[in-house]
1. Consider the stretch 453-486. How many of its residues are of a type in the set (Phe, Trp, Tyr) and without any contact (Cβ under 8 Å) to a residue 40 or more places away in the chain?
2. Report the residue count in the stretch 232-252 for those that are part of a helix (DSSP H, G or I) and in contact with a strand residue (DSSP E or B) (Cβ under 9 Å, 6 or more places away or on another chain).
3. Criterion first (among the hydroxyl-bearing types (Ser, Thr, Tyr) and surrounded by 19 or more Cβ atoms within 10 Å (Cβ to Cβ)) does Tyr215 satisfy it?
4. Looking at Ala378, is it in contact with a Ser or Thr (Cβ under 8 Å, 6 or more places away or on another chain) and surrounded by 14 or more Cβ atoms within 10 Å (Cβ to Cβ)?
5. Suppose we filter the stretch 517-537 for residues that are among the acidic types (Asp, Glu) and surrounded by 13 or more Cβ atoms within 10 Å (Cβ to Cβ); how many remain?
6. Say we look at the stretch 274-314 and pick out the residues that are at pLDDT 85 or above and β-branched (Val, Ile, Thr); which of these is nearest to the chain's Cα centre (by Cα)?
7. For the structure I just gave you, tell me whether Leu222 is of a type in the set (A, V, I, L, M, F, W, C), at pLDDT below 80 and closer than 20 Å to Ala204 by Cα.
Amino acid sequence: MTETVHRVPRRRRAATLLAGALLALVVVLLGPAAPASAHATLLSTSPAANSVVSQPPAAVLLTFSEPVSPIAGKLRVTGPDGRADAGEPRVEGTNVYLNLGPNTPNGTYLVTYRVISADGHPVVGAFTFSIGAPSPGGPPAEAEEAATSPVVTTLFPIVRYIGYAGLLLLVGAVLVLTTLWPQRLASGPLVRLAYVGAALIGVATVLEVALEVPYVVGGGLLSGGVDGWKEVLGSRFGTAHLVRLGVLGVSLLLLRPVVRGRSWGSDRILLCVLGVVGLATWSVSGHPGASPAPMISVVADMVHLGSMSIWVGGLVMLFLFVLPRANAVELSAIVPVWSRWATYAVGALILTGIAQALIEVGSFNALIDTRYGWLVMAKAGLVLVILAVASGSRRLVAPIATEEPGAANKLRMIVLAEVAIIALVLGTTAVLVQTTPARTAANQVEGPQLRSMTMNSKLFTLQSDVAPAAIGINEVHLYAFSPTGGPITIEEWKATASLPSQGIDAIEITLLRLSESHAIGQVTLPAAGDWEFTFTLRTTEIDQATVKATVNITS
């Protein structure tokens, strides 16, 4: 007896310390997220894509919409001589620097990148720029990059679905056993189901990490190797999943005495704390952890996931165990309590769902024009159907309380319908996690563009970049070279923009000379259409030439 008294406090103290450490790690993971936007996008580069610069840059700069993690060997600058960049990339916040070697010949350079965004998704792309003049043979050949296998992208939602199913079984079984289960009934089946749920969470967590390796590195199921695993485990995604496994292990130490009713109140409180930490690992490793308002998004997502687990997990336990085994007297006590809890859970589910949609969708156009928006609307429609079905179950609370014949069987059929529709909702949620948020997708489609043009005259070659090529203020970069691609000195720069189709006469562009062959300016364009840009450059006291280009300006 004395031995047991000493052993239990040690177990509880160890579990408490572990829970505190895991909670602190989740807070650390959440902290650096702001400000960010789920699914990082490349905002700008220096040198600009498709531009021609007169002098070799010390480094190539890539600026993303959120902090990213570079993948070893996946960020390269390849020159016309086939040589790549020098050294490892340097990351400072949202900026990634790729250093160039001391000897950089003139010609076209190819920049390829593959990085991990804050929500665990890979960001892949490539662009070119030229030093002196474009290479006659075009850009260097791009190294063959293994694409992510469709098997990997297909398995991800399936594995997430398994993890969600395990969470529902675990939460539902523990909730019913500790609060609603009649004492006269054997608890063995629910205890086993709780362990099945925990096992599904553990398996899904390991499989998610295993799939993340080829997902971010590229290739098939077994791609990535040791370096790929290091990249993933060192990222926010990997750390959150390791925390989830730790939470699961500590929870299992407390689960058995709790579900069998042989625990202290402090054990139950500790188990609830672990549950909160566990829910946080889903949120900080996905879209909420990288949203424009991460603290709000993560809390809303945790409440959303917790409410779903209580509601759906409780429904499953109600259908599988409580309704078939409890007698009329027991059901008359259990069903009203469950109905009240379900109402609270559904209310929280709806409110947090709306909050998440407002953050991740952002606009009505993004809702109707993106895959993410369509999935959100489909999920909302399914939830409305569930609520309509659930209203039928609420009408049966009073008949069950008065032991009306057949009421329990009717309730069982309605609950079955609810569970079936909820299975579809979980599937939609699993796909949503892998889909680019509507806000980001809309920006990718409608975001700023760069119009780059090359114009030739007998005196010079002019490279012009116009961005964002949309109504409003546009920035114009001008780079001048000799007809052979060598350096040149421009004594005077002049530029205008006109839209003859709408009767808009030439608007003068004020240019600022930055170097002998580089000038920059801004112009406000009031309408969309094919604008005619005219550039006049004077190379000597008496020599000048004029070139023109048409730029499509969007609304």
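1. So in the stretch 453-486, the residues of a type in the set (Phe, Trp, Tyr) come out as 460, 479, 481.
Those still in the list that are without any contact (Cβ under 8 Å) to a residue 40 or more places away in the chain too: none.
Residues in the stretch 453-486 being of a type in the set (Phe, Trp, Tyr) and without any contact (Cβ under 8 Å) to a residue 40 or more places away in the chain: 0 in total.
2. Pass one, the stretch 232-252, residues part of a helix (DSSP H, G or I): 232-233, 236-252.
Then drop every residue that is not in contact with a strand residue (DSSP E or B) (Cβ under 9 Å, 6 or more places away or on another chain), which leaves 232, 236-237.
Selection size over the stretch 232-252: 3.
3. Details: among the hydroxyl-bearing types (Ser, Thr, Tyr): yes; surrounded by 19 or more Cβ atoms within 10 Å (Cβ to Cβ): yes.
Answer is yes for this residue.
4. Values: in contact with a Ser or Thr (Cβ under 8 Å, 6 or more places away or on another chain): yes; surrounded by 14 or more Cβ atoms within 10 Å (Cβ to Cβ): yes.
It is true that Ala378 is in contact with a Ser or Thr (Cβ under 8 Å, 6 or more places away or on another chain) and surrounded by 14 or more Cβ atoms within 10 Å (Cβ to Cβ).
5. First pass over the stretch 517-537, keeping only residues among the acidic types (Asp, Glu): 530, 532.
Imposing the further condition that a residue be surrounded by 13 or more Cβ atoms within 10 Å (Cβ to Cβ) reduces the set to 532.
Final tally of qualifying residues: 1.
6. Thr281
7. On the way: of a type in the set (A, V, I, L, M, F, W, C): yes; at pLDDT below 80: yes; closer than 20 Å to Ala204 by Cα: yes.
The answer is yes for Leu222.
Yes/no per residue for (1) in a loop (DSSP other than H, G, I, E, B); (2) at pLDDT 80 or above; (3) basic (Lys, Arg):
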{"residue": "Leu426", "(1), (2), (3)": "no, no, no"}
{"residue": "Arg439", "(1), (2), (3)": "no, no, yes"}
{"residue": "Gln444", "(1), (2), (3)": "no, no, no"}
{"residue": "Thr454", "(1), (2), (3)": "no, no, no"}
{"residue": "Leu459", "(1), (2), (3)": "yes, yes, no"}
{"residue": "Val466", "(1), (2), (3)": "no, yes, no"}
{"residue": "Val476", "(1), (2), (3)": "no, yes, no"}
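The values are calculated or read from the model by the stated rules, or taken from the named source; none is laboratory data. Keep in mind the model is a prediction, meaning the values are calculated, not measured. Neighbour counts are summed over all protein chains in view; Cβ atoms, including those assigned to glycine, are modelled from backbone coordinates with ideal geometry.
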